[in-house]
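Let me begin by presenting the structure, written as structure tokens, before commenting on it.
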Amino acid sequence: MKIFKKTIFSVLLSLFVMGNVYADKIRIGTEGAYPPWNSKNEAGKLIGFEVELAYTLCRYIGQQCVIVEQDWDGMIPALIMRKFDAIMAGMSITAERQKAISFSQGYADEVASLAVMKGSSLEGLDTSAGINLTKPNAAAKKDLKTLTAALAGKTVCVQTATIHQNFLDSGDVGKVNVRTYKTQDEVNLDLASGRCDAALAAAVAFSDYAEKSGKPVVLTGPTFSGGAFGNGVGVGIRKDDTELLKKFNAAINKARKNGDISRIATKWFGFDASM
Amino acid sequence: MDLELMINSFPKLLSAAVITLKLLSVSLIIGLFIGLFFAILRLNKNIFINSFAYGYSYVFRGTPLLVQIFIIYFGLGQIEYLRSTVLWIILKEPYWCAIIAFALNTGAYTSEILRSAFQTIKPGTIEAGKSLGISNKVIFYKIQIPIAIRQSLPAYGNEIILMMKGTSLASTVTLMDLTGVAKYIISTTFKPIEVFIVAGGIYLFMTFIIHNFIKFLEKRYYF
């Protein structure tokens, strides 16, 4: 009985201590499956632009951080349910998400693009290089028409609960057959296998995959920004957590001024994606 | 609790439940034939045939359904040679990949359920048939199979319910079944509890129907 009591006591004590250890640390949720934003190395350690940036921001805030891994499709619910205190997971600031959570100012921005396998009929579409959907100009509208015609009846694959899915669901490119996946890795796999006629994601996600897998994945059509694609990527924070929001905004300001964000961005993206 | 969301998502989830039922019924029908076939192989005295059937049920009962779906969907999709064959017409579709995985999985369990049911038939029953001059074939079709099916009803009812819940894994290969649509709604509303409660309620209702149907059959064919 004594041993039993001792065990119970030590378990409770350790729970108490662990609880306290995490109490004054900022817990940041990330996906760990969206390179180069965030991913994992062979050893299973979280790496990427946002992981490095998170530690940098925490240094400016002056608090310790723990990075928590969370599946993408449960990211916002997990934040609301206090599994962690902030999201840094390549999450674009969109009006839809802002209904549920707040965002810090953007720290990086990066365009989205369609990708196809080399030799696809969708390769080399006759469009401009990039379009902004916030206030689409004549060229952008023409491109959307070209895309609508090209994508009619085609299967376009996206990761679930992303701006890319929102864009395809919005009907801006007509009725396409949208297929959603839990992770970007799975989107890439099915693009390569030929189950998807095209895929839509951050342009760097495809170039990263093409480089690492050696698969002939090529970008096609214009790059997208604005509108359904949101206004840059920011730190997601619970609406009632205004204190933390202020801290992150100040830290981002400092990190930007000191050139930290653009340095880390250049390291991971190969170009300066900071904002 | 967002009651409005629960009410609004109900019709969407209900129509997704139709897909779930379609996946369930198609894979159960195919699985039943597979199961019966392998159960008969299991009763064969030939050691090769017997162990082949045992190997099949061992592999499919010994690995998670999720792993089986992933191997069939993502795994087979990686084999370049396969993509150039006619098989790809079927394997290209997530729907058929899910059906294949579900049917093979439930087939393995069904074969075990039926095998044990065949083995519970008392030798006296078969001997009685023989003494009446009935041929072995007729004994098998008219006596052994009906008794085996009746004997396996309770266990098979469980298998149907397990399989019904198993179909939720179809959402992992992009199918918009009940779970898939629930996840989709959550991805735009960020309210998992409300939506999963409604989805769970629909699953529970389907279980209720299946359970009572099996119970009815058990009473109807009581002996």
Problem set entry | Residues satisfying the stated conditions in the range A:84-97, i.e. more than 14 Å from B:Lys191 (Cα to Cα), within 12 Å of chain B (Cβ to nearest Cβ) and of a type outside the set (A, V, I, L, M, F, W, C) | A:Thr94
Seminar exercise, completed: The helices (runs of 4 or more DSSP H) lying entirely within the range A:158-238 that contain at least 2 residues which are within 11 Å of chain B (Cβ to nearest Cβ) and crowded, with 20+ Cβ neighbours inside 10 Å are A:163-169, A:184-193
Exercise. Of the residues that sit in the range A:103-117 and are more than 21 Å from A:Gln165 (Cα to Cα) and polar (S, T, N, Q), which one is nearest to the other protein chains (Cβ to nearest Cβ)?
Worked result: A:Ser104
Exercise. For the range B:92-113, does any single residue satisfy the condition of being within 14 Å of another protein chain (Cβ to nearest Cβ), under 30 Å from A:Ala192 (Cβ atoms) and aliphatic (A, V, I, L, M)?
Worked result: yes
Problem set entry | Close pairs (9 angstrom Cβ cut-off, 6 or more residues apart or separate chains): aromatic (Phe, Trp, Tyr) in the range A:150-167, not in a helix (DSSP H, G or I) anywhere | A:Phe167/A:Ala112; A:Phe167/A:Leu133; A:Phe167/A:Val158; A:Phe167/A:Val173; A:Phe167/A:Leu200; A:Phe167/A:Phe224
Exercise. B:Ile209: under 18 Å from the mean Cα position of the chain (by Cα), within 26 Å of B:Ala148 (Cβ to Cβ) and surrounded by fewer than 13 Cβ atoms within 10 Å (Cβ to Cβ), yes or no?
Worked result: yes
Exercise. Which residues, counting only those in the range A:131-153, are surrounded by fewer than 16 Cβ atoms within 10 Å (Cβ to Cβ) and within 26 Å of the chain's Cα centre (by Cα)?
Worked result: A:Thr134, A:Lys135, A:Thr148
For this session: Residue by residue through the range B:161-189, note down the ones that are more than 25 Å from A:Asp73 (Cα to Cα) and touching a Phe, Trp or Tyr at 6+ places or on another chain (Cβ under 9 Å).
Result: B:Leu162
Seminar exercise, completed: Per the list (1) farther than 16 Å from B:Leu24 by Cβ; (2) of a type outside the set (A, V, I, L, M); (3) within 14 Å of chain A (Cβ to nearest Cβ), residue check on B:Ser171 breaks on (1)
Exercise. Using beta carbons and a limit of 6 Å, which pairs, at least six apart or on different chains, have the first residue in the range B:186-198 and on the phi > 0 side of the Ramachandran plot and the second one part of a loop (DSSP other than H, G, I, E, B)?
Worked result: B:Phe190/A:Ala100
For this session: Using the structure shown, decide if B:Ser15 is surrounded by fewer than 14 Cβ atoms within 10 Å (Cβ to Cβ) and either within 19 Å of B:Ile210 (Cβ to Cβ) or of a type outside the set (A, V, I, L, M) (or both).
Result: yes
Exercise. Limited to the range B:100-123, what total is found for residues that are surrounded by fewer than 24 Cβ atoms within 10 Å (Cβ to Cβ) and more than 30 Å from B:Ile143 (Cα to Cα)?
Worked result: 1
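No lab work stands behind these numbers, since they all come straight from the coordinates. Since we're looking at a predicted model, the values are computed, not measured. Because the Cβ atoms are built from the backbone with ideal geometry, glycine has one as well, and the counts that use them run over all protein chains shown.
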